[in-house]
Each structure stands twice: as C-alpha cells, then as structure tokens.
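Here, each number is a calculation from the coordinates, and none is a lab measurement. These numbers were taken from a predicted model, which means no experiment stands behind them. Here Cβ is always computed from backbone atoms with ideal geometry, including for glycine, and neighbour counts include all displayed protein chains.
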Amino acid sequence: MVMVGSKESGNEATWSNFETSEAKDGGGLTMINGKAREEKTVNGFHKITDEDEFDPSDPPPFKIAEIRAAIPKHCWVKDPLRSLSYVIRDILVVFGLAAAAVRFDNWVVWPFYWIVQGTMFWALFVLGHDCGHGSFSDNPKLNSVVGHLLHSFILVPYHGWRISHRTHHQNHGHVENDESWVPLSEKLYKTLRVSTKFLRFKVPFPLFAYPFYLWSRTPGKKGSHFNPNSNLFLPGERRYVLTSTVCWCVMIALLLCASIVLGPVQLLKIYGVPYLVFVMWLDIVTYLHHHGHEQKLPWYRGKEWSYLRGGLTTVDRDYGWFNNIHHDIGTHVIHHLFPQIPHYHLIEATEAAKPVLGKYYREPKKSGPFPLHLFRYLVRSIKQDHFVSDIGDVVFYQTDPKLSGFSPSKMD
C-alpha cells in the first residue's frame, strides 16, 4: 500500500511502505507492479487497495464478546502464588547480579552488568504493571503492596502511573484521549519549538523520555504523575497518588543514603546506569506497541473510535530470548483488549483469539535471540510519524519533510 499525504492541511506525508512502480489509469485504477488496484480516499489520504488487500481502518466484522468467548476460561484465572514466584525470581536475579558486579568490580563486567540489570529492572516494571491492572491477583491489597515495592524500587510512582495507564487502555487509539505516545495534531505540532521537535523525533533522545513524561506528560497535556491535584486524577484517587509519591520519595532518600555509604560513582554503576537501560527498554517497547508497523495504522476520533477498533491498532512484537524475561509483554494485542488476563496466559489466549481476529491480528516478525530487527522499525517510525491531521475521524501519521536534516546547531 502506498499512502500519499493530502494537501488539505498544507503538508504532505512523505512515506512509501513498499517500492512500487506506478502509472495512473483513467478509470480510477493505479498500476502497481503490473497489477491494477483501486484507489480509495480516507480522510484526505489516497489509499491504493485491491479486493484482496486488507484495510485496517475498516470496522471489524466481529465484536469484542466474540474474542472473549474464544479465549479458554482458565486463561482468566489469576494464581497469586505463581505471580509471586515471578517476583521472587526476578528479585533474586537483581540482587544476585548486583552482588556479582560489586564482587568482581572491573570494566569487563560492568557493561555486561548494566545491560542485564537494566533488563531486569524492566522485568520488575512489567510485574508491577500487572499489579496495576489487577492481573497479578484478585487481592487489591496484595496488588498494591507488591506494585509499590516493585515500582518504587525503579522510581515509578505506582498509583500515579497505574491510573494514567488505565486511561491509556480505556482510550487506546484515540487521538486526543489516549495517554501513551499520543500523536500530535498538526496544529499543536506547528507550535512546538524546534528544540522540542529535535528531542522528540531524533533517536536516541525519545528513548529517555519516560522520566520527563512522569513529571510533565507530553506536549498538549498538563499534569504530573506525582501531584495528587493533577487533572490526571479524580478527587477520590488523590490519597492513592500521595501514597505512591511518598514511597517514591523514600526510595530517593535511600539512594541518597547509599551514595554516602558507597560513593556516588559506585551507586551510579550499581543503580544509575541500569536505571537508564530500563528507561530505554520501557520507551522502546511501549512505543513499538503502537507504532512502527510495516503498514500505516489508523488513529481515531469521535464516532469512529471504539474500544475494540482502538485496541486492534496495537501491535504484537517478538523479542527473542527476552520474551520470557520480560514476561511476554510483547504479546500485546490481547493484553490491550483484556488487561485482566495474567501475563502467563497471554500467548495461549492470543492463539485462541487469532481465528476471530483474522487479518486484524498482525503476526509479529520472528526474532533471533536478540530483537535487533526492531530498531529498524523504531528509527523509521520516529523519523516519519510526526503528526496527524486536525480534521477527520480516521487519520494516519504524516511526515514533516523539514524535520529531516535537523542538527543541534539549528535548535532555537
């Protein structure tokens, strides 16, 4: 499929998903590689299709209840002992790695430690994320205690993030109401400073966005995950947010004490660098859940949006050896539609749902031991997916051609 940006908004999308040779036919057909395909317009985008091609922006012919019915009943069962076993496993690995690194304390070991330990911090985050969804157990107190311990350790305000992440799931795929890596409208995009665009759309800067997002969200959205009075939260949720902010402050105090005992350089090596690796994992994985597919996927507004249509724009990813380490978080479509399902049932639930989802499920590209292929999708998407049109209820990312060739010297 080739998509050409509309000039309605004064900008042109400059991507092409496949190398094609085109020749216009007077009957509304386009010749692509010798095959005639019908040209269809959606919200100002010319989308070349044929009768065999799938259009992801079309409403699905099934309902969410049909997907739910296809998933085996045992996939919905939460086993708190099994969930806790993953927590114990990951904590033992984290402290074992730290002890080993301190014991050997040489520059052959440290780089390996930073990568592995940062990955384990990310695994802890995913387990805390399950607590926030209630897929960890049916016991809210257990979920809250475990979630606070895991997330506070990696400097995430548990309830603050849990609530905003709930908003993300309830509004996934909605241009204005979504909460995670939300597309910028063209109008908002044009108001951004050049320096902001540079930091947001030039790798590696977006890979370190998460701490800043926690403090001040994204452009166009106000509030902080640490402030109980933020518009992110309802009045009845403020005491929960305050509790999590206090826990976060306690962890900061413990780190300051550790820096006095161990020294700031040693603390940076043991905790600081792995924390940055964790942030990179989080930003890469969450971005690729909703961006970077080979085929441009729609975003919705107004009556065109529904919980199901938004969830179906989510993308599964294969992370090779890391699938088990980070608790199959790449199996994300079914998780988005049914976040109550424990992570250890997601693969089975996905396999059961595939016959219902049909072409609306996009099989992830198989990875080798290390998912290096995903960096190509990540870089391409960040380079091309800049904003969406201000008009229309079904929209696709467009590219700002002026953004290419940016350099720090051009920042305002």
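Things to note:
- For the chain: Kirkwood Rh in Å [reciprocal of mean 1/r, alpha carbons]: 22.9
- As a ratio to 2.2 N^0.38 Å, the alpha-carbon radius of gyration computed for the stretch 201-267 takes the value 1.43.
- Stokes-Einstein diffusion coefficient of the stretch 284-374, Kirkwood radius over Cα pairs, 10 °C, 1.306 mPa s, in µm²/s: 116
- Of the residues Trp248, Asn139, Leu288, the one whose Cα sits farthest toward the positive end of the charge dipole of the chain, with +1 on the Cβ of Lys and Arg and -1 on the Cβ of Asp and Glu, is Trp248.
- Shape of the stretch 213-318, Cα gyration tensor, a/c cut at 1.5: oblate
- DSSP beta bridge pairing in the chain, given as percent antiparallel to the nearest 5: 90
- With the gyration tensor restricted to C-alpha atoms of the stretch 82-131, the semi-axes of the equivalent ellipsoid amount to 24, 11, 5 Å, longest first.
- Seen from all directions on average, the stretch 158-273 presents a Cα convex hull projection of 8.9 nm².
- A Stokes-Einstein calculation at 20 °C with viscosity 1.002 mPa s, built on the Kirkwood radius of the stretch 118-171 over Cα pairs, returns a diffusion coefficient of 196 µm²/s.
- Placing pseudo-labels 7 Å out from each Cα toward the beta carbon at Asp393 and Ile88 gives an inter-label distance of 5.3 nm.
- Over all directions, the projected convex hull of the C-alpha atoms in the stretch 46-141 averages 12.2 nm² in area.
- The chain: angle of helix 273-288 to the longest principal axis, Cα-based, in degrees nearest 10: 30
- Whole-number D in µm² s⁻¹ for the stretch 360-401, Kirkwood Cα-pair radius fed into Stokes-Einstein, 10 °C, 1.306 mPa s: 125
- Look at the alpha carbon pairs under 8 Å that are at least 6 residues apart: their mean separation over the length of the chain gives a relative contact order of 23 percent.
- Note on Arg166/Phe370: beta-carbon distance plugged into 1/(1 + (r/R0)^6) with R0 of 45 Å gives a FRET efficiency of 0.90.
- Highest-MSF residue in the chain out of Lys141, Lys383, Lys221 [GNM, Cα springs under 10 Å]: Lys141
- Kirkwood Rh in Å, taken over all unlike Cα pairs in the stretch 73-208: 17.7
- The string of couplings for the stretch 370-375 from the Karplus curve (6.51, -1.76, 1.60, θ = phi - 60°) is 10, x, 5, 5, 6, 5 Hz, one whole number per residue in order, with x for Gly and Pro.
- Comparing mean-square fluctuations of Phe322, Phe205, Phe104 from a GNM of the chain with C-alpha springs under 10 Å, the top value falls on Phe104.
- Each Lys and Arg adds +1 at its Cβ and each Asp and Glu adds -1 at its Cβ; summed about the Cα centre, the chain shows a dipole of about 1120 debye.
- Normalised by residue number, the volume inside the convex hull of the Cα atoms of the stretch 159-226 is 89 Å³ per residue.
- Top positive-direction residue, dipole computed over the chain with Cβ charges, set Ala70, Leu357, Ile91: Ile91
- Where GluC sites (Glu not before Pro) fall in DSSP loop in the stretch 113-190, at most 16 other Cβ within 10 Å: Glu176
- About its Cα centre, the stretch 257-375 has a charge dipole of approximately 320 debye under the convention of +1 per Lys or Arg Cβ and -1 per Asp or Glu Cβ, with nothing else charged.
- Fluctuation leader among Ser83, Ser180, Ser367 - the chain, Gaussian network, Cα springs under 10 angstrom: Ser367
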